[in-house]
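K.L.:
Here it is, the structure in full.
The values are calculated or read from the model by the stated rules, or taken from the named source; none is laboratory data. Because the structure is a prediction, the values reported are computed rather than measured. FYI the Cβ positions are ideal-geometry reconstructions off the backbone, even for glycines, and counts take in every protein chain you see. Note: accessible area is taken over every heavy atom of the protein model, side chains too, but ligands, DNA and RNA are not part of it. Shrake-Rupley method; radii C 1.70, N 1.55, O 1.52, S 1.80 Å.
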Amino acid sequence: MESGRIRLGIDVGGTNTDAVLMRGKAVLATAKSFTTVDVKDGVIAAVGILLARHGGAPSAIDAVMIGTTQFVNAFVQRRDLSPVAAIRVGLPAGDGVPPFSGWPDEVREAVGGRYYLVGGGAFYNGVDYAPLDEDAIAAAAADAAKAGVTDFAISATFAPIRPDLEVRAGAIVAATVPGARITLSSEVGGIGILDRENGAIVNASLSALAERVIASLKQAFSDMSITAPIYISQNDGTLISTEVAARLPILTCSAGPTNSIRGAAFLSGLPDAIVADIGGTTTDIGFLRNGFPRETTAPNTIGGVRTNFRMPDVLSIGVGGGSIVGDGAKVGPRSVGFRLPQDGRVFGGSILTATDIAVRAGQAEIGDTSLVAEIPDALVQAALDDIHQQIEDAIDQIKVSSTPQPLILVGGGNILVSRAIKGASEVLRPLHAEVANAVGAAIALVSGRVDKLYDFATLGRDAALDLARSEAIALAVAAGADAGLVEVVDLQELPMTHMKSGSVQVKVRAVGPLAALA
């Protein structure tokens, strides 16, 4: 990246909106503001503080990168969801387990639970086993529209191998229902149809909300006379355009912890480490591998619904700066959250929080220290013991090696840790750790990903892997990466031993800097 290019990184969390201005590797200014009901207002407040501190003009900003948890929060809280019609292309073979199976009742009710099974589909090798029933797809779309449903999730057996089946089905729906928002499962998930279909339904339920939120964010920057291109952080720590984010909001649902982990890598200079992002309510613990979050290999659950799209391997525990200290000096999981400035004892409130304990222990100078002077030493030590024990247990729970690794502390609640941590070779608090999530957004690259079955028996292993690499690189360039600077950072081979042929699932990720900034 050229040293003269200025990037604005923003992370819109549930409590705070963090912002940072960066030029090259230098952090020019940072700011925090409370997140607002309309995210636009909180973003304007944070960026206003940032520009005032930096003293630069809005026109000097060359690119804006935003991470937000608004969409996943909406699904978890069952709010602002659109009714969805799920169309599965699979008959006569793909009807064993119907759509919405395993969904919690209240979630299914929130999105309507409407589904249709139609003829068509392909085997794992891409060969059709039944023709696409175009008339049935059109009839399903018309029936859903008659019920007032305009958001559709389309899935097909082995769609990552034959995405054209879903593309054709989507075109029929679009022609039948003008203005319909359509999610194709091949764009959001992996091989397994049930979890991939679930991901498509979740995405479809969020599409209308995503359009409104993205439009609000774009309006915020227009109001501030910032005309730079805007990008959104996705789950793997790389960027997508606002158009893609509005259409596929599920790709952004874990951007918060991912940005924190990426920011921790940048601020510390470590490519491999444990990262603990300690906020006001929770501590999110993850792992860095080659500068990116380690991804989970298990199915992940959003709001009680199993999906199989890419997510960082992160464990959240109820320990944060606003955590309430209860009986027996137990810290969390209940928290005062964004009310810490009103309820915490150091601010004149009446609730004993983890922040009060940290201040009483001399680990931070926040608020009025005289207001916590009477807290007994025994209580302080017991609460600190509990905080450190919970973090140690969480690290032990998700690590895959007994070898100690450095622990990087980020987030405003990093003041809670004051001792060595078992399982960590050292504990680091890099400069600007409190806004690591915004830094992670600002430094994000563009990625291209491939997750497909390749016939090694026919193509040969080397040729198949070369094809997968070239496809991932082409996708990264198409997404806006500089063609000359894209590199493959991850490649996995997963032989399909239950299949008779030489099919191997290959996952490739290629990343590179934005061409506009390179």
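K.L.:
Given the alpha-carbon gyration tensor of segment 47-153, what are the semi-axes of its equivalent ellipsoid in whole angstrom, ordered largest first, with each equal to the square root of 5 times an eigenvalue?
P.N.:
42, 20, 14
K.L.:
Just check segment 209-252 against the gyration tensor rule for me: Cα atoms, a ≥ b ≥ c as the square roots of the eigenvalues, rounded for a/c under 1.5, and otherwise prolate or oblate depending on whether a/b exceeds b/c.
P.N.:
Details: a/c = 2.84, a/b = 1.54, b/c = 1.85.
Note, shape of segment 209-252 comes out oblate.
K.L.:
If N is the number of residues in the chain, what value comes out of its Cα radius of gyration divided by 2.2 N^0.38 Å? Kindly include the intermediate steps, with their values, before the conclusion.
P.N.:
Values: Rg = 24.0 Å, N = 518, 2.2 N^0.38 = 23.7 Å.
In units of the 2.2 N^0.38 Å rule of thumb, it is 1.01.
K.L.:
While we're here: Assuming a ≥ b ≥ c are the square roots of the Cα gyration tensor eigenvalues, decide whether segment 169-308 counts as rounded (a/c under 1.5), prolate (otherwise, with a/b larger than b/c) or oblate.
P.N.:
The shape class here is oblate.
K.L.:
Same structure again: For the peptides 234-241, 449-456, what is the packing order when you average, over each peptide's residues, the other Cβ atoms within 10 Å and list the highest mean first?
P.N.:
Averaged packing, sorted descending, gives the order 234-241, 449-456.
K.L.:
What is the magnitude of the charge dipole of the chain about its Cα centre, with +1 placed on the Cβ of each Lys and Arg, -1 on the Cβ of each Asp and Glu, and no other charges, expressed in debye to the nearest 20? Can you show the working numbers first?
P.N.:
Values: 41 positive and 54 negative charges, 88 e Å.
The calculated dipole for the chain is roughly 420 debye.
K.L.:
I'd like to compare 15-28, 348-361: which one has the highest average count of other Cβ atoms within 10 Å, and what's the full order after that?
P.N.:
348-361, 15-28
K.L.:
Taking the Cα atoms of segment 241-283, report the difference between the largest and smallest coordinate on each principal axis, in whole Å and largest first.
P.N.:
Computed over the Cα atoms, the extents are 33, 26, 13 Å.
K.L.:
Work out, in µm²/s and without decimals, the Stokes-Einstein translational diffusion coefficient of segment 329-372 at 37 °C, 0.692 mPa s, Rh from Kirkwood over C-alpha pairs.
P.N.:
In µm²/s, the coefficient rounds to 318.
K.L.:
With every protein chain kept in the model, how would you rank Arg294, Arg88, Arg168, Arg334 by accessible area, 1.4 Å probe, largest at the top? Present the calculation step by step, with values, prior to reporting the outcome.
P.N.:
On the way: Arg294 30, Arg88 5, Arg168 105, Arg334 160 Å².
Descending accessible area places them as Arg334, Arg168, Arg294, Arg88.
K.L.:
On to the next question. Along each principal axis of its Cα atoms, how long is segment 340-472 end to end? Whole angstroms, biggest number first, please.
P.N.:
Its Cα atoms span 75, 33, 24 Å along the three principal axes.
K.L.:
For Lys507, Lys422, give me the order by solvent-accessible area with a 1.4 Å probe, most accessible first, ignoring ligands, DNA and RNA.
P.N.:
The most accessible residue leads, giving Lys422, Lys507.
K.L.:
Percent antiparallel among DSSP beta bridges with both residues in the chain, to the nearest 5?
P.N.:
Restricted to the chain, the bridges split so that about 60 percent are antiparallel.
K.L.:
For segment 350-402 and segment 436-485, what is the separation of their Cα centres, given in Å?
P.N.:
About 43 Å separates the Cα centre of segment 350-402 from the one of segment 436-485.
K.L.:
Sticking with this structure for a sec: Run the quick spin-label model on Asp135 and Ala474: label points 7 Å from Cα toward the beta carbon, then report their separation in nm to one decimal.
P.N.:
Result: 3.7 nm between the two label points.
K.L.:
Same structure, new question: Please compare each pair in Lys32/Lys330; Lys422/Lys452; Lys32/Lys218; Lys399/Lys507; Lys146/Lys507; Lys330/Lys399 to a cut-off of 31 Å on the Cα-Cα distance and tell me which ones are over it.
P.N.:
Lys422/Lys452; Lys146/Lys507
K.L.:
Residues of segment 117-131 with backbone nitrogen within less than 18 Å of a virtual label 7 Å along the Cα-to-Cβ line of Asp164, please, listed as ranges.
P.N.:
Answer for segment 117-131: 120-131.
K.L.:
How fast does segment 100-146 diffuse by Stokes-Einstein, in µm²/s, taking the Kirkwood radius from C-alpha pairs at 4 °C and 1.567 mPa s?
P.N.:
101
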